[in-house]
1. If residue 132 passes every condition in (1) open to solvent by 10 Å² or more (accessible area, probe 1.4 Å); (2) at pLDDT 95 or above but one, which one does it miss?
2. So which residues in region 69-83 are of a type in the set (S, T, N, Q) and closer than 18 Å to residue 263 by Cβ, if there are any at all?
3. Taking region 190-204 as the region of interest, how many residues are in contact with a Phe, Trp or Tyr (Cβ under 9 Å, 6 or more places away or on another chain) and under 15 Å from residue 258 (Cβ atoms)?
4. With the checklist (1) surrounded by 15 or more Cβ atoms within 10 Å (Cβ to Cβ); (2) modelled with pLDDT of 95 or more in hand, flag the one item residue 219 doesn't pass.
5. Among residues belonging to region 275-295 that are open to solvent by 40 Å² or more (accessible area, probe 1.4 Å) and either without any contact (Cβ under 8 Å) to a residue 12 or more places away in the chain or in contact with a strand residue (DSSP E or B) (Cβ under 9 Å, 6 or more places away or on another chain) (or both), point out the one that is nearest to residue 194 (Cα to Cα).
6. Tell me, yes or no, whether region 182-196 has at least one residue that is within 21 Å of residue 88 (Cα to Cα), open to solvent by 10 Å² or more (accessible area, probe 1.4 Å) and not acidic (Asp, Glu).
7. Consider residue 12 against the criteria (1) within 24 Å of residue 273 (Cα to Cα); (2) touching a strand residue (DSSP E or B) at 6+ places or on another chain (Cβ under 9 Å); (3) free of Cβ contacts under 8 Å to residues at least 24 places away in the same chain; (4) among the hydroxyl-bearing types (Ser, Thr, Tyr): it satisfies all of them except one. Which criterion is unmet?
8. I'm trying to understand the selection: among the residues of region 59-92, which are open to solvent by less than 30 Å² (accessible area, probe 1.4 Å) and of a type in the set (Val, Ile, Thr)?
Amino acid sequence: METVILAGGTGTIGRDLATLLISEGFHVIIFTRSAKSHQDSAHIEYLDWDPDQKRINNHAIQRADYIINLAGAGIADQRWTKKRRQELISSRVNSGNLIVEALQQIPNKVKAVISTSAVGWYGADKSPNHIFKEYEEQGTDFLSWTCKLWEDSIKPIELLHKRIVILRLGVVFSKDGGALKELIKSFKYKMATYLGSGKQKMSWIHIDDVCHLYLAAIRDSNLSGIFNAVSSEVLPQKTIIDRMAKQKIGSFYLPIYVPTFALKLALGQMGEEVLLTSTSASNQKIRDAGFTFKYPTLNEACIKNL
């Protein structure tokens, strides 16, 4: 039985990914700042770590065959004050640095490290028809620079002659949390809420495909480098909301638009970069590598499983 460490694995992705890995025969160790609040089982352990204090479990590193890094404070959880921006960066950079230092200093058998980034790397779309590919340079906004620092923190793994995969995630759609839960919150009142004009394009991915991408990155030794982890269908936010609403609450609902100025006033830079910016990313590279998406489009089957 091979062992996978999920660093920062108690969030929405980590919970589903741990379940998948266990079902596939892996033993899972989750690094978290609050191990005592979780219950171990036969195939999953919770161990404390603290990237800020450079604290990690040496024995776990020695046992691991793979490390998946999911650590990072929630991008859209709160307004970006100066303190919050620093936390968003440090929570990502410090975790990457700690994993690199641990693998440099602790004897280990780790075969590959799979790390997380985001399509925020690219910034806003360059033109209406432009689709970002992995070779393109980072954008110029805060999210772009955060992703650059995030990816750079883990890249020294290459110098240890270990395989590294970086997945640039789109907006992850899950029924258990994340952005989708907030976007469809108004459905219970027979309302559909659009942010700004609703025309901003969103690169998204179903949680099941996210988890299977991490699994593929473990199993396929030919996978290495950077891949966009997004569906095949980049859609305007309004289209996404309308398709979801028709499936979940029927054809009759009240459309509500939250004005752009109100979002900028309430949420500042976070509202503009996360909620109002279009980012269109291609998944051609990962498909060419042999990965098949279960939910490449936001169709009826996809929505029913959200």
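The values are calculated or read from the model by the stated rules, or taken from the named source; none is laboratory data. Fair warning: this is a prediction, and the values are worked out from it, not measured in the lab. Glycine gets a Cβ as well: all are built from the backbone with ideal geometry, and neighbour counts include every protein chain shown. Quick note on the areas: whole protein, heavy atoms, side chains included, nothing else; ligands and nucleic acids left out. Shrake-Rupley method; radii C 1.70, N 1.55, O 1.52, S 1.80 Å.
1. The one condition residue 132 does not meet is (1).
2. The first filter runs over region 69-83 and keeps only residues of a type in the set (S, T, N, Q), leaving 69, 78, 81.
78, 81 - these are the residues of region 69-83 that are of a type in the set (S, T, N, Q) and closer than 18 Å to residue 263 by Cβ.
3. To start, the set of residues in region 190-204 that are in contact with a Phe, Trp or Tyr (Cβ under 9 Å, 6 or more places away or on another chain) comprises 190-198, 203-204.
When the remaining residues are screened for being under 15 Å from residue 258 (Cβ atoms), the result is 191-198.
Within region 190-204, residues that are in contact with a Phe, Trp or Tyr (Cβ under 9 Å, 6 or more places away or on another chain) and under 15 Å from residue 258 (Cβ atoms) number 8.
4. If we test residue 219 against (1) surrounded by 15 or more Cβ atoms within 10 Å (Cβ to Cβ); (2) modelled with pLDDT of 95 or more, just (1) comes out false.
5. Here the answer is 275.
6. no
7. Status for residue 12: all satisfied but (3).
8. 61, 67, 68 - these are the residues of region 59-92 that are open to solvent by less than 30 Å² (accessible area, probe 1.4 Å) and of a type in the set (Val, Ile, Thr).
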